[in-house]
Protein chains: 4
Amino acid sequence: MRFAVRSSLEYDVKSPAVFILNVEAAALRRQRIIVESLSLNPAFPIERFADDEGGSRFIRVNASPGPFHVSYHAVVDVDMIDKAPESIQELPVGDLPLDIMPYLYPSRFCQSDLLGRFACREFGEIEPGHTRVTAICNWIHEHVDYVRGSSNSQTSAYDTMVMRAGVCRDFAHLGITFCRALNIPARFASGYAWQLDPPDFHAVFEAYLGGQWYLFDATQQAALQGLVRIGVGRDASDAAFATIYGDAEFKDMSVGINAVGGDAENEEPTTRAVSVA
Amino acid sequence: MRFAVRSSLEYDVKSPAVFILNVEAAALRRQRIIVESLSLNPAFPIERFADDEGGSRFIRVNASPGPFHVSYHAVVDVDMIDKAPESIQELPVGDLPLDIMPYLYPSRFCQSDLLGRFACREFGEIEPGHTRVTAICNWIHEHVDYVRGSSNSQTSAYDTMVMRAGVCRDFAHLGITFCRALNIPARFASGYAWQLDPPDFHAVFEAYLGGQWYLFDATQQAALQGLVRIGVGRDASDAAFATIYGDAEFKDMSVGINAVGGDAENEEPTTRAVSVA
Amino acid sequence: MRFAVRSSLEYDVKSPAVFILNVEAAALRRQRIIVESLSLNPAFPIERFADDEGGSRFIRVNASPGPFHVSYHAVVDVDMIDKAPESIQELPVGDLPLDIMPYLYPSRFCQSDLLGRFACREFGEIEPGHTRVTAICNWIHEHVDYVRGSSNSQTSAYDTMVMRAGVCRDFAHLGITFCRALNIPARFASGYAWQLDPPDFHAVFEAYLGGQWYLFDATQQAALQGLVRIGVGRDASDAAFATIYGDAEFKDMSVGINAVGGDAENEEPTTRAVSVA
Amino acid sequence: MRFAVRSSLEYDVKSPAVFILNVEAAALRRQRIIVESLSLNPAFPIERFADDEGGSRFIRVNASPGPFHVSYHAVVDVDMIDKAPESIQELPVGDLPLDIMPYLYPSRFCQSDLLGRFACREFGEIEPGHTRVTAICNWIHEHVDYVRGSSNSQTSAYDTMVMRAGVCRDFAHLGITFCRALNIPARFASGYAWQLDPPDFHAVFEAYLGGQWYLFDATQQAALQGLVRIGVGRDASDAAFATIYGDAEFKDMSVGINAVGGDAENEEPTTRAVSVA
């Protein structure tokens, strides 16, 4: 499918500040960028850094005081791997590629070392594989309320497990945590999410199954086949759309995504196993 | 039923220390002490303090350095209120006696302000009353593992909700927390527990229903009709068997309880609603 | 000194709700209420409950749906004990009145069991007594930033110790926690605070020294001699100005206090040891 | 300097288990391995994975049930960069190599997002550079007690900030957290530590200053010039000497390090800025 994505961020920079931005669609073999444009106003010089493994594209900007506006537009072709979920197996830890191992470890917002007993009790008996991770997503969807404002940037999976409320970021963190506790590598993913209402940056997660990173969305708020991936990382710490060092006031933001061509609007959220990586 | 209880505590006091001990059976209308003896060796003078409301009996001792041994024996008649659980209703908050209100508030180990969403989701639809608190106990018994050494004196209900393991103290704290989150007053209770194996001080909890404090034990390890109550309080902070101010090393402890007379040994744990208060 | 105090609370009650209100000045031997008036609109019937020990006066109201307005006015004579701080000693735990002991225990927001090492390191070498508690207040004032919005109703002393920001409630909780960790009984106190700017309900704390409860304010934002005490308790859980069971939306609030007569406005915050209890 | 290092780990494997071991000295330009031998008994096949950036060398082993013994010996030449501390500057965030950025982010045990206010208050006014990180180490050494058994594998910098006790791992985590909060990249490092008494694996940390990773040890228990580095990572999650997936009982461990040749035993712990990377 082809998507047009756009985002716009506005800040009032109070003193010289460094912005690490991660708003561009990832460049992946199965996610091809047809056209794109990033514009900064003022047109500060940028430095680029790409994470080879996950395709995340970071920009670093040294911004001077005053209004600062970042605008991004792109047209992206997404050609996801699309498989029958039942066919996709978990890999034993002993067979995982070694560079995948760090995605088994706990991270700032995903204390998988603390939720192991629960994860084993609740999901340990479920048939391993893609369907087990779907069962994790279903559990989260059923047991955690999606409530705007119920969490903040410090909320971790440990907290969400008790409080039972959160937003997409918290749902992703909890999913990652359960996966890792079950020895399934998992990572955080941000993206432009088609059909997400209201439009916003979305957070989902990826689990490493059968040699690939499959997408999962415990919020069930968007269609996974319409996820234009931006960044990945161990958790939200690694994949924020903007990390700011210095004093800048957030003023406004808008995000959008549209399917281009076809009769996409009638499409249902997929129940297939999908992957861009 | 009549019970003989005993406990023995041994310390090595390193420097002058104050002990607050709470090992004597509570003196209640329905829990009558037939004979008892408390002996301290050395025979330091003691000060007594009774909590009128809950019947807890505290002893304060100023201990000098050296070995310190506390020994308690008693024969106690327990004549519990024993009712059909279905008949016992919750009281609306507006009808609670006002001195019971503090048992609705969160405490050190029972953060009922944080578990409300979960409690309402899980137990909110259950018929209010004694059977709902039993449902809470059953949930804890099913979802939390009883594992010696899995928790410590700092573990709170918040932690147990995530970690899903604990001992009797943690089970009681979680039960109290769920009750308070549902506007059911609840308090911590310590006691000598008949049929508990291995013998030890036990921790259970009481919920205020229909005008009385009913006993509950989420561990299901002892027979509630054989609980000889010692102390009550908001949580374990208030009802420790020993709180020590100063430097004393714990050396050894033993606890025992036997039914006296009758053919008690064949008795099953009660499924009735029981109360000593 | 004589003070006129007033408060006004407005709610929109969505469904039948129970309010526990604690806005009336405490009736104490040294805090005499000259005139007062509490008005509820609608004029729901009220039940009263007074805490004999601390003088807190609670009102319980069963409110029906619709707008609900609570208004309180009083004129209060405050005749505080006023002593030289150096003369006031701590009592050894072995000499504390036994009903004071619970104020040594940790509570929901005051985890004194966890901050003992820090408290001993930082304050252990300071001369015991009123001046040591003043040193605690000074430490808090110097090391914690008073920042509106930096904490919430779930913030505990444990958090404040790390985050180093809070409001009056957090300052009081930290002060209480340090005191208890040093075996000084301490409790939370709410009040109308003369010279507090902007006017609001204030939170301070009391430490039990030399047989009396002395007032302390780590925020240093008001004059302690002008604190008209409302409620006391183990921590904010016990002394909220309003605890609501049911669904009611907070609409508005105003609080005021004025010195009546004299040339009070020129008065400096006291540096004496003061107590109303 | 030349060092002979050795370690021995013994397990009783209960069921097939995967071991990720990280006990070999890192192979770095300034840390050359002269001879080494790793022996496994039984001689299970191993897979190797090296972290190019930090030089950590991981081994993965699929172990069968039964006794399992890992033994490592090596002779290593350490030729550290050794500079005057005053000459080493911090880099502005805008000038950091982009692959270093992740070491600014919070991690499982290093919640730098929560300790920023404290770090700025305490260390914000200190002259930036190597001496500031030394000031951080000195603060930790002065304000945190080194107490065996006071922490566990779940203890984070957040906890250590309150509890003020820990072991080398906790000291390193706190140092890392303060650095990141001040926008200094920092990472966890494990190693064989010469002069550490009793001998054990040691945990220290590295801060990225002036284009290099400098070593710091807040415990002040070993001589940094005698640190033979094993692994690095965001925190202890990434650099455990053994991570086990499966059921294996730890039986015994020994660790040793000796300086080879020279009159090393008279050497004092260095006060220079040292780096192997």
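Is at least one residue of the range B:51-67 open to solvent by less than 40 Å² (accessible area, probe 1.4 Å), away from every other protein chain (no Cβ under 14 Å) and closer than 26 Å to C:Asp238 by Cβ?
yes
Can you name the number of the only condition in (1) in contact with an Asp or Glu (Cβ under 9 Å, 6 or more places away or on another chain); (2) under 24 Å from C:Lys251 (Cβ atoms); (3) open to solvent by 30 Å² or more (accessible area, probe 1.4 Å) that C:Ala43 fails? C:Ala43 satisfies every listed condition except (1). If you go through the range A:214-223 and pick out every residue that is crowded, with 24+ Cβ neighbours inside 10 Å and touching a Ser or Thr at 6+ places or on another chain (Cβ under 9 Å), you end up with 2. Sort through A:Thr219, A:Thr243, A:Thr177, A:Thr160 and tell me the only one that's among the hydroxyl-bearing types (Ser, Thr, Tyr) and closer than 27 Å to A:Pro92 by Cα. Exactly one residue qualifies, and that residue is A:Thr177.
Set side by side, the residues B:Asp197, B:Asp145 differ, and just one is away from chain A (no Cβ under 14 Å) and of a type in the set (D, E, K, R), which is B:Asp197. List pairs: first residue in the range D:85-114 and at the interface with another protein chain (Cβ under 8 Å from one of its Cβ atoms) and within 17 Å of D:Gly210 (Cα to Cα), second residue open to solvent by 30 Å² or more (accessible area, probe 1.4 Å) and in a loop (DSSP other than H, G, I, E, B) anywhere in the structure, Cβ distance under 6 angstrom, at least six positions apart or on different chains. Within 6 Å, the pairs are D:Val93/D:Asn183. Scan the range C:219-277 for residues that are modelled with pLDDT of 95 or more, of a type in the set (Lys, Arg) and assigned to a loop (DSSP other than H, G, I, E, B) and the total you get is 1. Out of all the residues in the range B:23-39, is one or more in contact with a helix residue (DSSP H, G or I) (Cβ under 9 Å, 6 or more places away or on another chain) and at negative phi? Scanning the range B:23-39, I find no residue that is in contact with a helix residue (DSSP H, G or I) (Cβ under 9 Å, 6 or more places away or on another chain) and at negative phi, so the answer is no. Can you name the number of the only condition in (1) more than 13 Å from D:Gln31 (Cβ to Cβ); (2) among the hydrophobic types (A, V, I, L, M, F, W, C); (3) in the same structural domain as D:Pro102 (by TED's automatic domain parsing) that D:Trp213 fails? For D:Trp213, the exception is condition (1).
Among the residues of the range A:6-31, how many are assigned to a strand (DSSP E or B), at pLDDT 95 or above and more than 14 Å from chain D (Cβ to nearest Cβ)? Residues meeting the conditions: 8. Figure legend. Inter-residue proximity from the range C:219-236: first residues closer than 20 Å to C:Ile100 by Cβ, second residues of a type in the set (Asp, Glu) and open to solvent by less than 10 Å² (accessible area, probe 1.4 Å), beta-carbon distance below 7 Å, spacing 6+ or different chains. Indicated pairs: C:Val232/C:Glu206. If the condition is being modelled with pLDDT of 95 or more and either under 20 Å from the mean Cα position of the chain (by Cα) or farther than 22 Å from A:Tyr245 by Cβ (or both), then the range D:98-118 contributes D:Tyr103, D:Leu104, D:Tyr105, D:Pro106, D:Ser107, D:Arg108, D:Phe109, D:Cys110, D:Gln111, D:Ser112. Residues of the range B:59-97 that are under 22 Å from the mean Cα position of the chain (by Cα) and among the charged types (D, E, K, R): B:Arg60, B:Asp77, B:Asp79, B:Asp82, B:Lys83, B:Glu90. Within the range D:127-153, the set of residues being surrounded by 19 or more Cβ atoms within 10 Å (Cβ to Cβ) and in a helix (DSSP H, G or I) comprises D:His130, D:Arg132, D:Val133, D:Ile136, D:Cys137, D:Ile140.
Report yes if some residue within the range D:63-84 is closer than 30 Å to A:Ile176 by Cβ, at pLDDT 95 or above and outside the structural domain of D:Ala207 (by TED's automatic domain parsing); otherwise report no. Scanning the range D:63-84, I find at least one residue that is closer than 30 Å to A:Ile176 by Cβ, at pLDDT 95 or above and outside the structural domain of D:Ala207 (by TED's automatic domain parsing), so the answer is yes. Scanning the range C:200-232 for residues that are small (Gly, Ala, Ser) and within 14 Å of chain B (Cβ to nearest Cβ) yields a count of 1. What residue, among those in the range D:154-198 that are of a type in the set (S, T, N, Q), part of a loop (DSSP other than H, G, I, E, B) and free of Cβ contacts under 8 Å to residues at least 60 places away in the same chain, is most open to solvent (accessible area, probe 1.4 Å)? Looking at residues that are of a type in the set (S, T, N, Q), part of a loop (DSSP other than H, G, I, E, B) and free of Cβ contacts under 8 Å to residues at least 60 places away in the same chain, I get D:Gln154. Residue count for the range C:8-30 under the criterion of being open to solvent by 10 Å² or more (accessible area, probe 1.4 Å) and under 16 Å from the mean Cα position of the chain (by Cα): the result is 2. Checking the stated criteria, D:Asp235 turns out to be within 14 Å of another protein chain (Cβ to nearest Cβ) and of a type outside the set (Gly, Ala, Ser). Applying the condition of being open to solvent by less than 20 Å² (accessible area, probe 1.4 Å) and within 7 Å of another protein chain (Cβ to nearest Cβ) to the range A:115-124 and asking which residue is farthest from B:Ala165 (Cα to Cα) yields A:Leu115.
The values are calculated or read from the model by the stated rules, or taken from the named source; none is laboratory data. Nothing here was measured: the structure is a model prediction, and the numbers come from that model. So basically every Cβ, Gly included, is an ideal-geometry build from the backbone, and we count neighbours across all protein chains shown. The area values use the complete protein model at the heavy-atom level, side chains included, leaving out ligands, DNA and RNA. Shrake-Rupley method; radii C 1.70, N 1.55, O 1.52, S 1.80 Å.
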